[in-house]
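Student: Before anything else, here's the structure in question.
The values are calculated or read from the model by the stated rules, or taken from the named source; none is laboratory data. For clarity, every value in this text was computed on a predicted model and none was experimentally measured. Note that each Cβ is placed from the backbone with ideal geometry, even for glycine, and that neighbours are counted across all protein chains shown.
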Amino acid sequence: MKVEFVTPLMIVALTFTSAIEDEVLVAAAYANPFGTAQQHAQLAGVSASLSTVKRRFASEHSTWSVDDWKQVLFSDESTFTTIWDQKRRIWRPMNTRYEPEYVQEVAPSGRTTVNVWAVMSKDGLCPLHRIEGSLTAEKYSEILEYVMIPYALHGPFPDGDYLFQRDLAPVHTAKSVKKLLTERGVRQLEWIPKGADVGIIEPVWGRIKVALSKEGLHRASADDLWHMVEAACNVIKEDRGYVEALYASLPSRI
C-alpha cells in the first residue's frame, strides 16, 4: 500500500506494506474485525519497522481530540538516584581542593536508588508507589490490583470507562498481567515500542529529577530519597495547569 499526501511544502510518499502483505492483512482483519492494526499484523505474520508501527499508531489516533486522550490513564516507572548532585561546579581559592570545606562526602557505594511507579489521569498524578527490589510480573499485578484500579474507579473514572496505557516491557505484557486486566475488565490502549516520546509521564519524571538535582542528596538514604520524590511530586499535583498542558499536547505528539 502506498499513501501520498500533500503538505504546503512537499509531497510525501510513504510505503507501508507490499500488495501481498495487504492481502494477508485484509484476511487477518476479516478473521478478527475488532482487532487493532498491530494485532492484525501479528496474526498475519507481517513484521514492520519501528517507524512504520509509529506511523500506523499516528494514523489510527489522528482524529483523537484532547477529550479523547483524557480518557487515557498513563502509567510508567522510573529510577531516582542520589548521583545527580555529586558533580556540582563550585568556586574555591587556589590550592584548596582538598580542604574539608570544599570536599563533599558521598555514600561508599556512590549512590542510592529508589524505583517508583506512577499513574496519571486528567485529574493529575495519583499517589506514587515505591517498588521494593526489581519489578516482577507478580509485583506489577499487585500494583494494578491494589493501586491503579482502585484509583481509577474511586477517582476520575467511577464508571470504569477509561483506557489504560503502559509500555511494552516484558513485565507489563506477561500472561499473568494480561489475565488480570482482562478479568478486571480494564480496556487497554495498544501502545508502541519505544513510545516514551509520545507518552506524557516522561516529562513528569524529568521535572522531578530536575527538582532533586537541586537538593543535597549525597548523604540521603533510600527513605530520604523517596520522601524527596514524594515532595517533588506533590508540587506537580498542585500545578493543575501543568497536567492540563500535558494532555493538551497529546494530539501534536502523535
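Student: Mind counting the residues in the stretch 140-173 that are more than 23 Å from A232 (Cα to Cα) and either part of a loop (DSSP other than H, G, I, E, B) or without any contact (Cβ under 8 Å) to a residue 24 or more places away in the chain (or both)?
Tutor: 18
Student: To continue, here is another question. Tell me, yes or no, whether the stretch 193-203 has at least one residue that is closer than 14 Å to V116 by Cα and part of a loop (DSSP other than H, G, I, E, B).
Tutor: Yes, the stretch 193-203 has at least one match.
Student: Only residues that are of a type in the set (F, W, Y) and either modelled with pLDDT of 95 or more or assigned to a strand (DSSP E or B) (or both): list them for the stretch 99-136, please.
Tutor: W117
Student: In the stretch 222-238, which residues are surrounded by 13 or more Cβ atoms within 10 Å (Cβ to Cβ) and either on the phi > 0 side of the Ramachandran plot or acidic (D, E) (or both)?
Tutor: D224, E230 - these are the residues of the stretch 222-238 that are surrounded by 13 or more Cβ atoms within 10 Å (Cβ to Cβ) and either on the phi > 0 side of the Ramachandran plot or acidic (D, E) (or both).
Student: Right, here's the next one. Which residue, of V53, V72, V66, is in contact with a helix residue (DSSP H, G or I) (Cβ under 6 Å, 6 or more places away or on another chain) and either modelled with pLDDT of 65 or more or within 22 Å of F164 (Cβ to Cβ) (or both)?
Tutor: The conditions single out V66.
Student: Please go through the stretch 168-192 and give me each residue that is among the β-branched types (V, I, T) and either in contact with a Gly (Cβ under 8 Å, 6 or more places away or on another chain) or buried (at least 17 other Cβ atoms within 10 Å of the Cβ) (or both), ordered by number. Reasoning before the result, please.
Tutor: Filtering the stretch 168-192 for residues among the β-branched types (V, I, T) gives 171, 173, 177, 182, 186, 192.
Selection gives V171, V177, V186, I192.
Student: Now, a different point. Of (1) surrounded by 14 or more Cβ atoms within 10 Å (Cβ to Cβ); (2) modelled with pLDDT under 95, Q165 satisfies all except one. Which?
Tutor: (2)
Student: Of the residues in the stretch 204-245, how many are modelled with pLDDT under 90, more than 30 Å from S65 (Cβ to Cβ) and not in a loop (DSSP other than H, G, I, E, B)?
Tutor: Summing the residues that are modelled with pLDDT under 90, more than 30 Å from S65 (Cβ to Cβ) and not in a loop (DSSP other than H, G, I, E, B) in the stretch 204-245 gives 1.
Student: Name every residue in the stretch 204-217 that is over 30 Å from E60 (Cβ atoms) and surrounded by fewer than 18 Cβ atoms within 10 Å (Cβ to Cβ), in order of residue number.
Tutor: Result: K209, V210, A211, S213, K214, E215, G216.
Student: Here is a check on your reading of the model: is K122 touching a residue at least 12 places away in the same chain (Cβ under 8 Å) and not aliphatic (A, V, I, L, M)?
Tutor: Taking the combined requirement at face value, the residue satisfies it.
Student: Somewhere in the stretch 83-92, is a residue over 23 Å from G195 (Cα atoms), at pLDDT 70 or above and not aromatic (F, W, Y)?
Tutor: Looking for residues that are over 23 Å from G195 (Cα atoms), at pLDDT 70 or above and not aromatic (F, W, Y), one finds at least one in the stretch 83-92, hence yes.
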